[in-house]
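Heads up, the thing below is written out as structure tokens.
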Amino acid sequence: MAIKKFHHVAYRCNDAKETVLWYKEHLDMDFVLAIAEDQVPSTKAPDPYMHIFLNAGGGNILAFFELPNSPKMDRDQNTPDWVQHIALEVGSMQELEEAKERLESKGIPVIGITDHVIFKSIYFRDPNGHRLELAVPTATDEMNRKLDEVKWDMLNEWAETKKAPKHAAWLHQPEFDKQ
């Protein structure tokens, strides 16, 4: 079996229409499909929902469910707030900077531009409280090659020790030539 792409990634939302309009206005994502049912197809549970689908580019779909009969949505309280997020790639630093300015001009708080060395990004929240990240790749071919060479060693060391391996510590050294 070979996975071709994400068919869709689904999250919950408070209000389907508000979510569609927000993603269109702030991230220029087109609304591509709505499915509404009174019964869940997979479980046959009587639970009405609105399932909306947005074009995230490159054949990727970001979807949301509005569930009016479920308890108020919340995030996983056992996971730090910064962990759960949706990261979307943009094409250039100029696009990232313009998105930051546009979001802030609409009163949306933005964290960043954060330099992760292999990419730069900004963070903000949608109207449902989901943390979003816009990222632009900045890695060189050499950086990607070095990271690829150590990925299994890092994973195996982590699996044994649960301590951060130092195989890619060069990413965070000030003397590292980021050019």
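ILE35 - would you say it is touching a helix residue (DSSP H, G or I) at 6+ places or on another chain (Cβ under 7 Å) and either surrounded by 13 or more Cβ atoms within 10 Å (Cβ to Cβ) or not in a loop (DSSP other than H, G, I, E, B) (or both)? Spell out the reasoning first.
Details: touching a helix residue (DSSP H, G or I) at 6+ places or on another chain (Cβ under 7 Å): no; either surrounded by 13 or more Cβ atoms within 10 Å (Cβ to Cβ) or not in a loop (DSSP other than H, G, I, E, B) (or both): yes.
So ILE35 fails the test.
How many of the residues making up the stretch 1-25 are of a type in the set (S, T, N, Q) and assigned to a strand (DSSP E or B)? Write out each step before concluding.
Here is the first cut: in the stretch 1-25, the residues of a type in the set (S, T, N, Q) are 14, 19.
After this cut, where a residue has to be assigned to a strand (DSSP E or B) as well, the list is none.
Matching residues across the stretch 1-25 total 0.
Return the only residue of ASP76, ASP47 being in the same structural domain as PHE31 (by TED's automatic domain parsing), charged (D, E, K, R) and either loosely packed, with under 15 Cβ neighbours inside 10 Å or free of Cβ contacts under 8 Å to residues at least 40 places away in the same chain (or both). I'd like the intermediate steps shown before the answer.
Numbers: ASP76 fails: in the same structural domain as PHE31 (by TED's automatic domain parsing).
Answer to the check: ASP47.
Determine whether the stretch 137-156 contains at least one residue that is within 21 Å of MET29 (Cβ to Cβ) and either charged (D, E, K, R) or under 19 Å from the mean Cα position of the chain (by Cα) (or both). Give the steps one after another, and end with the answer.
Of all residues in the stretch 137-156, those within 21 Å of MET29 (Cβ to Cβ) come to 137.
Right, trim to either charged (D, E, K, R) or under 19 Å from the mean Cα position of the chain (by Cα) (or both) and you get 137.
Yes, that holds for at least one residue.
With the condition kept exactly as written, say whether any residue in the stretch 107-120 is surrounded by 12 or more Cβ atoms within 10 Å (Cβ to Cβ), out of contact with any Ser or Thr (no Cβ under 9 Å at 6 or more places or on another chain) and without any contact (Cβ under 8 Å) to a residue 12 or more places away in the chain.
Scanning the stretch 107-120, I find no residue that is surrounded by 12 or more Cβ atoms within 10 Å (Cβ to Cβ), out of contact with any Ser or Thr (no Cβ under 9 Å at 6 or more places or on another chain) and without any contact (Cβ under 8 Å) to a residue 12 or more places away in the chain, so the answer is no.
Out of MET73, MET29, report the one residue that is in a loop (DSSP other than H, G, I, E, B), touching a strand residue (DSSP E or B) at 6+ places or on another chain (Cβ under 6 Å) and more than 21 Å from LEU103 (Cβ to Cβ).
Values: MET29 fails: more than 21 Å from LEU103 (Cβ to Cβ).
Criteria check complete, one pass: MET73.
Are any residues in the stretch 42-53 part of a loop (DSSP other than H, G, I, E, B), under 25 Å from ASP74 (Cβ atoms) and either under 15 Å from the mean Cα position of the chain (by Cα) or of a type outside the set (A, V, I, L, M, F, W, C) (or both), and if so, which ones?
Step one: list which residues in the stretch 42-53 are part of a loop (DSSP other than H, G, I, E, B), which gives 42-45.
Restricting the remaining residues to those that are under 25 Å from ASP74 (Cβ atoms) gives 42-43, 45.
Across the stretch 42-53, the qualifying residues are SER42, THR43.
What is the one condition in (1) more than 28 Å from ALA168 (Cα to Cα); (2) outside the structural domain of CYS13 (by TED's automatic domain parsing) that PHE65 does not satisfy?
(2)
The values are calculated or read from the model by the stated rules, or taken from the named source; none is laboratory data. If you're wondering where the values come from, they're calculated on a predicted model, not measured in any experiment. For neighbour counting, all protein chains shown are included, and Cβ atoms are generated from backbone atoms with ideal geometry for every residue, glycine included.
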